[in-house]
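Quick note: the coordinates plus some simple rules give every number you see, no bench work behind them. Since we're looking at a predicted model, the values are computed, not measured. Here the Cβ positions follow ideal geometry from the backbone for every residue, glycine too, while neighbour counts run over all protein chains shown.
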């Protein structure tokens, strides 16, 4: 496929780039050629690009993804996107131009979601339910896959088990509480008082205000803890587990010390890194389509406002997800 096969307006695009690690002001809006799909790839006109904590941590040069890209700057961030297929490469038989798709793309070294057009492997993409607009769909893949894999692959959550989900109103958390409820678990979540009504509306059985209550005093004999906070919160959560319970901690920076603390107590704890998995994403899409899971987008920013969006994300304590409207 060549650029001259694209309509004139689709040969150039805007994308966010940073040339060095640093603060949010390193993000700049630049013009580039629309990328052409290679074998097994598709080019997607991006509608929504979801923001995730890994985005700002990588921009600051922190974590494993930063090690992957440090010799390949300048770089376009963004692992989450949804949009419409505009071109397909050789060997792609499952998708066609016009398909509405979402996926966790280019993880960890390619990224590319913060752009008007992005390349993705066809096997990374799921069809977006008609009930979900494409900007909101950009909020789904990475956060929902993190929740799904943490609960069902690593923790092996079963119906009627008791699970504590820290930061239950956040990007990963609001998916996790809904997945656990759908599985038939008894769901406890920590959150700020401002998010109590939000979590109650999702059906959470117990909400613990972390500012005024100590979850260690409130919880005991738990089967699963999904720790989305890490550090001291993760370590103290070990005291809430039953002897056969398991803690899954998501922040990689403190995972090793939490796992070591668990071993010293004769308990089980695991870290995890999310991975693209289209079969999981299709199951999640089905839950959204059936109305069993809803996607909460706290705020939508323009592509040019990516720096401000990352700053808001870095401040934390958000509800649901932040998304860039890349149209």
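Can you give me the Cα centroid spacing of region 49-70 and region 192-260 in angstrom?
25 Å
Provide 280, 166, 72 in ascending order of the number of other Cβ atoms located within 10 Å of each residue's Cβ, fewest first.
In increasing order of surrounding Cβ atoms, one gets 72, 280, 166.
Which order, highest average first, do 86-95, 149-158 follow once you tally other Cβ atoms within 10 Å for each residue and take the mean per peptide?
On the way: 86-95: 15.2, 149-158: 18.9.
Descending packing order for the listed peptides: 149-158, 86-95.
Can you tell me the orientation of helix 255-264 relative to the chain, as the angle in degrees between its alpha-carbon axis and the longest Cα principal axis, to the nearest 10?
20 degrees
Relative contact order, percent, of the chain when contacts are C-alpha pairs under 8 Å separated by at least 6 residues? All intermediate terms of the calculation are to be shown ahead of the outcome.
Values: 782 pairs, mean separation 63.4, N = 327.
About 19 percent, as a whole number.
By the gyration tensor of its Cα atoms, with a ≥ b ≥ c the square roots of the eigenvalues, what is the shape of region 1-100: rounded for a/c under 1.5, prolate for a/b over b/c, or oblate? List each step's numbers first, then the result.
On the way: a/c = 2.15, a/b = 1.82, b/c = 1.18.
Since a/c reaches 1.5 and a/b is larger than b/c, the shape of region 1-100 is classed as prolate.
Quick one: which of 31-39, 305-313 comes out on top by average Cβ neighbours within 10 Å, and what's the full order, highest first? The partial results should precede the final answer.
On the way: 31-39: 14.9, 305-313: 20.4.
Descending mean neighbour count gives 305-313, 31-39.
In whole Å, what are the extents of the chain along the principal axes defined by its C-alpha atoms, from largest to smallest?
65, 41, 34
In degrees, nearest 10, range 0 to 90: what is the angle between the Cα axis of helix 306-315 and the longest Cα principal axis of the chain?
For 306-315 against the chain, the angle is about 10 degrees.
Round to the nearest 0.05 the FRET efficiency obtained for residue 218 and residue 265 when R0 = 25 Å and r is the Cβ-Cβ distance. It would help to have the intermediate numbers written out before the result.
Details: r = 19 Å, r/R0 = 0.78.
The pair residue 218/residue 265 has a calculated efficiency of 0.80.
Counting DSSP beta bridges in the chain, what percent are antiparallel, to the nearest 5? Walk me through the intermediate numbers first.
Numbers: 30 of 55 bridges.
Percentage antiparallel, nearest 5: 55.
Considering region 143-271, what Rg and Dmax in Å follow from its alpha-carbon atoms?
Taking only Cα atoms of region 143-271, I get Rg and Dmax of 12.9, 39 Å.
Is it possible to state the helix-based mean residue ellipticity at 222 nm for the chain, with each DSSP H run of 4+ residues giving -39500 (n - 2.57), the sum divided by total residues, to the nearest 500 deg cm²/dmol? What is it? Spell out each step's value before the answer.
On the way: 11 runs with 87 residues, N = 327.
Calculated mean residue ellipticity at 222 nm is -7000 deg cm²/dmol.
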